[in-house]
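Step one of this worksheet: look at the structure below.
The values are calculated or read from the model by the stated rules, or taken from the named source; none is laboratory data. Source: prediction; values computed, not measured. We place every Cβ from the backbone using ideal geometry, glycine too, and count neighbours over all the protein chains shown. These accessible areas exclude ligands, DNA and RNA; they are computed on the full protein's heavy atoms, side chains included. Shrake-Rupley method; radii C 1.70, N 1.55, O 1.52, S 1.80 Å.
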Amino acid sequence: MKKSEVYNILDLMDEIKKIDSLLLLHKNAEGGDFMASQYEAKKVKLVGELIDALAAPKVQSPQSFSLIGSVTQTVSLD
């Protein structure tokens, strides 16, 4: 796996963490339902991109598929 691929995966994971914190902020704010729904849609897109990156032919390995399983189990897509 190239360094650029690793950095792309790490960037996606970081973005998902940031979106999670923004989701929490807007879910707790009065009238934040619209923004929360926007961030949820963004999170779904980013998780899909992360799974695609981990399943890419250059990256495919038992470890990447294990990580995909972990991501799908631990990421809450409310």
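Considering region 28-60 alone, what residues qualify as being over 17 Å from the mean Cα position of the chain (by Cα) and without any contact (Cβ under 8 Å) to a residue 40 or more places away in the chain? Those that are over 17 Å from the mean Cα position of the chain (by Cα) and without any contact (Cβ under 8 Å) to a residue 40 or more places away in the chain: N28, A29, E30, G31, G32, D33, F34, M35, P57, Q60. Scanning region 61-75 for residues that are touching a helix residue (DSSP H, G or I) at 6+ places or on another chain (Cβ under 8 Å) and either among the basic types (K, R) or open to solvent by 30 Å² or more (accessible area, probe 1.4 Å) (or both) yields a count of 4. With respect to being without any contact (Cβ under 8 Å) to a residue 12 or more places away in the chain and not β-branched (V, I, T), L25 fits the description. Taken together, the residues in region 1-45 that are open to solvent by less than 80 Å² (accessible area, probe 1.4 Å) and not in a helix (DSSP H, G or I) amount to 3.
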